[in-house]
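Okay, structure first, notes after.
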Amino acid sequence: MVNTDDGTPRLSEMVRDDGVGIFKDRDLLKTSRIVGEERIVGRDEQMSTLVTLLKPLIHESSPPDILVYGPSGTGKSLITSRVVNEYKSALTEQDRDLAVVEINCQWLTSNFQACEKIAEGVSDLDRVGEEISVSGLSTHKALSETFNIVDDRYDAAIIIVDEIDLLVNPVKSEDEEPAFSALLYQLSRMDDLIGFDDMSVIALTNSPDFMRELDGRAESSFNPRDVHFPDYDANQLREILRKREDAFFPDVLGGDVVPLSAAFAAQDHGDARKAVDLLRTAGDEASAEDADMVREEHVRRAQEEVEKDRILEIAHGYSSGKKTVLLSAAVIRAWSSRDIEAIPSPVLKDVYDYICKAIDHDPKSKDTLLRYMGEFETNGLLDSSIKSRGLGSGIYKTFKLNRQPEYLVETLMERDSRFDGAMEKKDLVATKVDKALEDFYD
Ligand SMILES: Nc1ncnc2c1ncn2[C@@H]1O[C@H](COP(=O)(O)OP(=O)(O)OP(=O)(O)O)[C@@H](O)[C@H]1O
Ligand SMILES: [Mg+2]
């Protein structure tokens with residue numbers, strides 16, 4: 001980098017510096033990148049199950065609907081996309097055309113929005129190339145019109161509905177069916193409705209209980225075959241990263257960078273997205289300081305960055321009441337002078353009430369507190385177990401945080417000025433935490 005007289009780099013240089021010394025192909029470490037088969041590790045079984053289930057495509061009949069489920073970062077989107085696109089090429093070789101439409105439900109809040117996305121996806125298909133307008137139509141009509149067009153121009157269709165459990169209407173009444181349920185019901189009935197029987201739905205979800213959350217009529221019309229994607233172990237994560245080492249110039253990666261990134265990601269439920277994110281962020285850290293190599297210290301800093309980003313992403317959606325509960329749990333681990341592994345629920349309630357007072361917030365009941373903790377558990381922030389204090393003394397729950405408590409506290413505090421009051425009284429809160437633990441254990 002060219003420096004000015006006083007040694008600081010010029011703005012023009014800073015802006016144009018692409019960290020070329022480190023990355024040869026940084027995009028290879030973008031998590032949205034659909035990598036080739038030669039870079040895929042440890043998903044032979046899932047891939048071959050998907051291939052078998054979709055095989056009817058080759059014989060001009062229609063495959064079953066499929067439910068792909070497993071935790072975050074286990075390759076569901078990647079593998080599904082690769083297999084389906086391979087079928088698309090195979091059908092082209094037979095002079096047949098497969099329509100592949102993929103939508104992600106992450107930011108959608110109604111069945112109608114999902115139908116709009118599907119219509120948009122169909123508009124973009126090679127053989128369509130014209131805008132299909134569905135505004136003002138019922139969801140039922142929107143889908144019929146869209147799939148009539150697909151039926152006209154394609155031999156078969158696969159609709160991939162990614163992150164389907166996130167398709168929920170944020171304000172819905174108790175007895176209203178969830179948006180994902182309505183969508184699946186309608187998609188699975190295209191055959192009856194417009195006589196289009198060459199369509200299969202592949203729904204992807206993190207939720208192992210997804211089928212139980214479906215409304216009765218969706219449950220009876222959508223009968224998918226399951227494909228389960230389990231977590232990766234540290235060895236598989238290491239292999240996944242090894243196959244992307246060519247994102248860097250030769251000899252730029254320190255020997256412990258890949259194993260350490262894999263080890264950090266293995267702690268986090270064996271999540272390949274996290275592993276890939278870590279490796280890229282470690283490279284960014286090294287580039288940012290003009291280092292000639294990526295070293296262990298860069299991975300450690302990257303771990304801190306990535307960890308905070310993810311907490312933020314998850315906690316972003318929580319109400320301030322829930323954030324206070326999460327903060328209380330994190331504070332017990334982060335500020336206590338005792339090294340406890342799991343947080344007993346009575347201690348949590350005690351400290352939570354104290355923090356509520358410090359920030360002038362009405363405390364919720366114990367039941368609500370436990371319900372929130374249950375939600376954090378579903379989101380992978382913690383694990384709980386039930387403990388007994390011995391005969392006649394009742395049972396309680398304990399919580400183990402899956403995120404570094406210090407980062408949790410920092411991230412929540414940074415983003416919410418309401419917590420300033422707790423920070424100002426840090427010493428008092430810490431004393432309260434120790435006291436609550438002492439009362440409980442001693
Ligand atoms: N078996 C694998 N081999 C190589 N890379 C993988 C593998 N599995 C996942 N990855 C990489 O990890 C990242 C996350 O994978 P993917 O998006 O498929 O996860 P997912 O299961 O769909 O997660 P989510 O539930 O969060 O959507 C991607 O960058 C992907 O390329
Ligand atoms: Mg995915």
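So here's what we get for this one:
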| item | result |
| --- | --- |
| Electrostatic dipole magnitude of region 270-361 [Cβ: Lys, Arg +1; Asp, Glu -1; Cα centre; debye, to 20] | 580 debye |
| Separation in nanometres of the label points that stand 7 Å from Cα toward Cβ, at E313 and D434 | 3.8 nm |
| Sorted largest first, extent of the chain alpha carbons per principal axis (Å) | 72, 67, 42 |
| Accessible surface of R418 - all protein chains present, 1.4 Å probe, nearest 10 Å² | 80 Å² |
| Positive dipole terminus of the chain, leading residue within I311, S188, F229 (C-beta point charges) | I311 |
| Degrees separating the helix 44-54 axis from the principal Cα axis of the chain, which is the longest one | 40 degrees |
| Student exercise, the chain dipole from Lys, Arg, Asp, Glu Cβ charges, in Debye to nearest 20 | 1360 debye |
| Mean ellipticity per residue at 222 nm, deg cm²/dmol - from DSSP H runs of n ≥ 4 across the chain, formula -39500 (n - 2.57) | -15000 deg cm²/dmol |
| Built amide H within the under 5 Å cut-off of V227, gap 5+ | L67, V68, Y69 |
| Accessible-area value, I22, 1.4 Å probe, nucleic acids and ligands omitted, Å² | 0 Å² |
| Centroid-to-centroid separation of region 335-374 and region 414-439 [C-alpha atoms, Å] | 11 Å |
| Over 25 Å (Cα to Cα) - which of K274/K397; K349/K400; K243/K400; K366/K400; K30/K76; K364/K435 fall in this group | K274/K397; K243/K400 |
| Top positive-direction residue, dipole computed over the chain with Cβ charges, set I164, F112, L326 | L326 |
| Nitroxide proxy distance, nm - points 7 Å out along Cα→Cβ at E176 and E130 | 3.5 nm |
| DSSP-defined beta bridges in the chain - what % are antiparallel, rounded to 5 | 35 percent |
| Positive dipole terminus of region 320-441, leading residue within P405, S365, V433 (C-beta point charges) | S365 |
| Dipole magnitude of region 233-314, debye to nearest 20 (Cβ charges: Lys/Arg +1, Asp/Glu -1, about Cα centre) | 320 debye |
| Pair S320, E414: separation of 7 Å Cα→Cβ label points (nm) | 2.1 nm |
| Whole-Å semi-axes of region 320-441's equivalent ellipsoid (Cα gyration tensor) | 21, 16, 14 |
| Within the accessible area of region 260-406 (1.4 Å probe), percent carbon and sulfur | 44 percent |
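The values are calculated or read from the model by the stated rules, or taken from the named source; none is laboratory data. Bear in mind that the values here come from a model prediction, so they are computed numbers and not experimental data. We place every Cβ from the backbone using ideal geometry, glycine too, and count neighbours over all the protein chains shown. Note: accessible area is taken over every heavy atom of the protein model, side chains too, but ligands, DNA and RNA are not part of it. Shrake-Rupley method; radii C 1.70, N 1.55, O 1.52, S 1.80 Å.
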